[in-house]
1. In the range 39-79, what residues are at pLDDT 90 or above and in a loop (DSSP other than H, G, I, E, B)?
2. Residue 22 - would you say it is at pLDDT below 75 and within 25 Å of the chain's Cα centre (by Cα)?
3. Output yes when any residue across the range 15-34 is among the charged types (D, E, K, R) and closer than 24 Å to residue 56 by Cβ, and no when none is.
4. Among the residues of the range 80-104, what is the count of those that are at pLDDT 75 or above and part of a loop (DSSP other than H, G, I, E, B)?
5. Within the range 28-38, is there a residue that is at pLDDT below 85 and either among the aromatic types (Phe, Trp, Tyr) or in contact with a Ser or Thr (Cβ under 8 Å, 6 or more places away or on another chain) (or both)?
Amino acid sequence: MGLKKGQCNNLAGRKKGTPNRTTYEMKLAFQTILDLNVEQMEVDLKELTAKERLTILLKLADFVIPKVQSTLPDDSESIYQQKKLMQKFYDNQQKNSENTAKEQ
């Protein structure tokens with residue numbers, strides 16, 4: 001019999017969620033390179049045309065600014081479900097308005 005999903009025979013291995021040491025070291029090394037070259041990168045950016053500078057800054061923004069996920073449904077079934085939920089919400093709002101009007 002094989003191992004179940006998520007199991008391994010190496011009991012002394014990394015614990016779940018522990019970052020990979022090599023990845024951490026590479027990120028640290030790259031961050032150091034960036035930190036030491038910030039002034040030169042600013043000079044280099046200023047030498048570019050406005051269009052080139054904007055292109056590079058937009059590409060770099062992908063690494064800093066989180067991407068917005070689409071809120072549009074993927075298929076017609078989910079559109080149908082959303083319409084049902086919206087209708088239910090609207091109906092409840094109408095009932096609440098009628099009940100409030102009756103109480104006054």
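1. If the condition is that a residue be at pLDDT 90 or above and in a loop (DSSP other than H, G, I, E, B), then 48, 49 are the ones that fit.
2. For residue 22, the condition - at pLDDT below 75 and within 25 Å of the chain's Cα centre (by Cα) - is not met.
3. From the range 15-34, those among the charged types (D, E, K, R) are 15-16, 21, 25, 27; that's our starting set.
If we keep only those that are closer than 24 Å to residue 56 by Cβ too, we end up with 27.
Yes, there is a match, as at least one residue in the range 15-34 is among the charged types (D, E, K, R) and closer than 24 Å to residue 56 by Cβ.
4. 0
5. No; the residues of the range 28-38 include none that is at pLDDT below 85 and either among the aromatic types (Phe, Trp, Tyr) or in contact with a Ser or Thr (Cβ under 8 Å, 6 or more places away or on another chain) (or both).
The values are calculated or read from the model by the stated rules, or taken from the named source; none is laboratory data. All figures in this text were calculated on a predicted structure; none of them were measured in a lab. Methodologically, a virtual Cβ is constructed for each residue, glycine included, from the backbone with ideal geometry; neighbour enumeration extends over all protein chains shown.
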